[in-house]
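The values are calculated or read from the model by the stated rules, or taken from the named source; none is laboratory data. The structure displayed is predicted, hence computed values, not measured ones. Reconstructed Cβ throughout: ideal geometry from the backbone, glycine too, with neighbour counts over all protein chains shown. Note: accessible area is taken over every heavy atom of the protein model, side chains too, but ligands, DNA and RNA are not part of it. Shrake-Rupley method; radii C 1.70, N 1.55, O 1.52, S 1.80 Å.
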Amino acid sequence: MLDQLNSIEKEALASLENIVDQAALDAWRVTHLGKKSPLMTILGDLGKLSKEERPAIGKRGNEVKRALEAALEAKIETLHRAEMERSLKENALDVTLPGRPRPRGRLHPSTQTLREFYAIWAEMGFQVFRSRDVESDEYNFELLNIPQHHPARDMWDTFYTTTPGVLLRTHTSPGQIHAMRAYCPNPIRVILPGMCYRYEQITASKDIQFQQVEGLAVGKHVRMTDMLETMSEFARRIFGAEYTVRFRASHFPFTEPSMEMDVECVNCGGKGCSVCKHTGWLEIAGAGMVHPVVLKNGGYDPRVYSGFAFGMGPQRVTMLKHGITDIRYFWQNDLRFLEQF
Ligand code: PHE
């Protein structure tokens, strides 16, 4: 029986040598270490042996069992390692390849300009006041001293909704009334940024939607010189102190007197070029002293209070800054454009 155990061991170890996959290994385990295997049968039947035979056979039997189990463990380990090496080789990972770029979001060029505006105006004491895009005829026109059939309405043709008297605002000026009604009788220093809409032929310089930044200061001793210097200071900060500004007489129904502010052409330095249409000046804002009727509509007594207001086009500033030649790029959401800023 000892011979039998020796040959069981020899044969089992030899057949284990050739095994290269898990299925064959499982079969081997059943054949050589399973309940019905010759080895286990011998070990199970030890009780049937004589007292003299039992210790030697039992000892040798257990030795063989341990040897087979150890060999099996070693084989499992070898197979694992081989499998790992194979998969590493097959799914080779090249750690020297450059990573995939993650597209990073950024602020729209208009937003960047707006934030510069906010920062400058904030330093001069103006806070941001938000006002609605969908307005009533009353706020967009009437309360700003532009009654029905006033010829000035031609300047601000807009998009009307199907609800009579409800329209998309043509300028941020109706926000002046909202701000005055919200703050009256306190003094006011606000800027009102936002989108405006006009029924226009779309061209490189005009779109049907565009941003404005309105400004409004109301108080007891607000004079025109305050406005001139405040706006000049803003222009110096946004364009640089080397550019001169000028104010030209103009007309708006909601300001009296009214004017427009120009800055020396930042493209040609005032010599004249296609950007400034050979005038040497760029129009930057409409402005004026708040009309008494508008002050009254906002709740302020025009005999006690005065104020100035202005409206600027921040997109114009962005265009000048970055050399953008076509305003239609702004809201087309074309990444080739947006990724440049
Ligand atoms: N609302 C005017 C426009 O859109 C600009 C403006 C604002 C003028 C405030 C004077 C005062 O053209």
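Quick look at the numbers
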| quantity | calculated |
| --- | --- |
| Across the chain: Cys residues that no other cysteine approaches within a C-beta distance under 4.7 Å | Cys184, Cys196 |
| Extended-chain gain in nm, criterion 0.36 nm per residue less alpha-carbon gap, Met84 and Arg102 | 3.3 nm |
| Where only alpha carbons of region 1-101 are counted, the Rg and the Dmax (Å) | 20.5, 79 |
| Rg/Rg_globular for region 208-299, with Rg_globular taken as 2.2 N^0.38 Å and Rg from C-alpha atoms | 1.20 |
| Prolate/oblate/rounded call for region 110-207, Cα gyration tensor, a/c under 1.5 rounded | oblate |
| Unit charges on C-beta of K, R, D, E only; dipole of the chain, Debye | 460 debye |
| All-pairs alpha carbon distance profile, the chain, 20 Å steps from 0, percent | 23, 32, 7, 9, 16, 12, 1 |
| Estimated 222 nm signal from helices in the chain, with DSSP H stretches of n ≥ 4 weighted -39500 (n - 2.57), rounded to 500 | -12500 deg cm²/dmol |
| Cut-off 9 Å between beta-carbons: net charge of the residues surrounding Met195, Lys and Arg +1, Asp and Glu -1 | 0 |
| Given Lys10/Lys48; Lys10/Lys65; Lys35/Lys75; Lys35/Lys65, the pairs whose alpha carbons are separated by over 18 Å | Lys10/Lys48; Lys35/Lys75 |
| Bins of 5 Å from zero: percent of alpha-carbon pairs in region 218-260 | 5, 19, 24, 24, 18, 9, 1 |
| With every protein chain in place, region 210-276: carbon and sulfur % of accessible area (1.4 Å) | 50 percent |
| Å² per residue, accessible surface of region 1-158 at 1.4 Å | 69 Å² |
| Within region 104-122, backbone nitrogen closer than 20 Å to the virtual label 7 Å beyond the Cα of Val128 toward Cβ | 105-122 |
| Region 127-183 - percent relative contact order, Cα under 8 Å, separation 6 or more | 46 percent |
| Region 167-230 - Rg over Rh from alpha carbon coordinates, Kirkwood radius | 1.08 |
| Extension reserve of the Asn186-Glu256 stretch, reckoned as 0.36 nm per residue once the Cα distance is removed | 23.0 nm |
| Estimated dipole of region 235-294 in Debye, rounded to 20 [Cβ of Lys and Arg +1, of Asp and Glu -1, Cα centre] | 140 debye |
